[in-house]
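Structure record follows, encoded as structure tokens.
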């Protein structure tokens, strides 16, 4: 049945357990005439490269389908020269692929055109509440969910280490001291599953979606001018984890125009996307479209990891001056626990704290490595700058900042972290202040260069004194500049 182009089913199929039309040329699977209570337990559409739509029967929420769905519309053929054969990126973290395989065994969907995701809307309730999304390039696939026609290809990857740096950074690091190329200290937290109460409610059905891009002009890019990825609003509202990696063309992940929010996003990792200008871009909203209850989302975000983004200037690109007036920020980023960034040389800042309601009360670990243009991690909006209040980070325990030569401040002029335990600083010569610590807490350990420690400014707040910290100094010192011109 390879030439099958359309399939229309009607009626009641009480005994149909599996519908498998893999390897066909079907464009539309029409289940609109099927009794909603008799849908097959398993629907399998593997190798259906021309699939454009799935039409579901109308049903009440109490009749939602809880079956198994397998969709793969990626190409199963490869050119004779081998250029189309998936290859693992040499710096890929293979443990991530193992986590995905172990945790997301429910729905498995792989496609090169994100528009097909709209066909999942009628069936979204059962599975998309516990959903993981991969956005990657076809040439750097890792894992076994999307394979060649034989399904037997084995992908070999090099061991993943904390000191891995992609080849595009070799020139940047070529003449730097070996001590300056510092590895990060903490591995990325594991991909979580949604909270147990939510999983019980929806029968523990999980979903993994792989959006496979093939380069510039890909059909999943609805905005060809910006090469920005547009996902359906119900996907953004339901996804719990997001991994964007090895993508040479994408410039940003846009929120849908319906003002949907990443309210259930818990875990996000973005790496090796050289043209990414901003991870999340909130489109400019027309005047008069705001309401008092609008939020930017990210209420559930716990882990954010960004690595090797060559041109990224922002993580969250948003007009915060407009947001300060019109948007309610309560709850945004309140769950963020772990924040890591490395090798983002053009990054200006991470997150603007525009209003007093934007807080990072759960943040425990802050790690930033080799971001040369970074001037302030969490800059303050005009309202907070005028108030000149102490910015509280009540749960912050660990700070690791390495090779940030332009960094002048972590967050404003006065920052308090009463539960700090360890600070590791290297190559941050423009940073002049440390956060203040608590009265009755053990002095946090500070590992830094002695020259930097001797030039710190103290006394801007209570308990802001060098005696409140336990400092130790490395053998690596700041290099002396030549006293005369080296030009000849």
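Bear in mind that the values in this text are calculations on the coordinates, not laboratory data. Given the structure is predicted, the values throughout are model-derived calculations rather than measurements. Virtual Cβ from ideal backbone geometry, glycine too; neighbours counted across all protein chains shown.
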Given Cα pairs under 8 Å that are at least 6 residues apart, what percent is the relative contact order of the stretch 333-477? 18
Amide N proximity, the stretch 402-438 versus residue 447 label position 7 Å along Cα-to-Cβ, cut-off under 11 Å: 422-426
Packing-based exposure ordering (other Cβ within 10 Å, fewest first) of 396, 111: 111, 396
Globularity index of the stretch 352-451, i.e. its alpha-carbon radius of gyration over 2.2 N^0.38 Å: 1.04
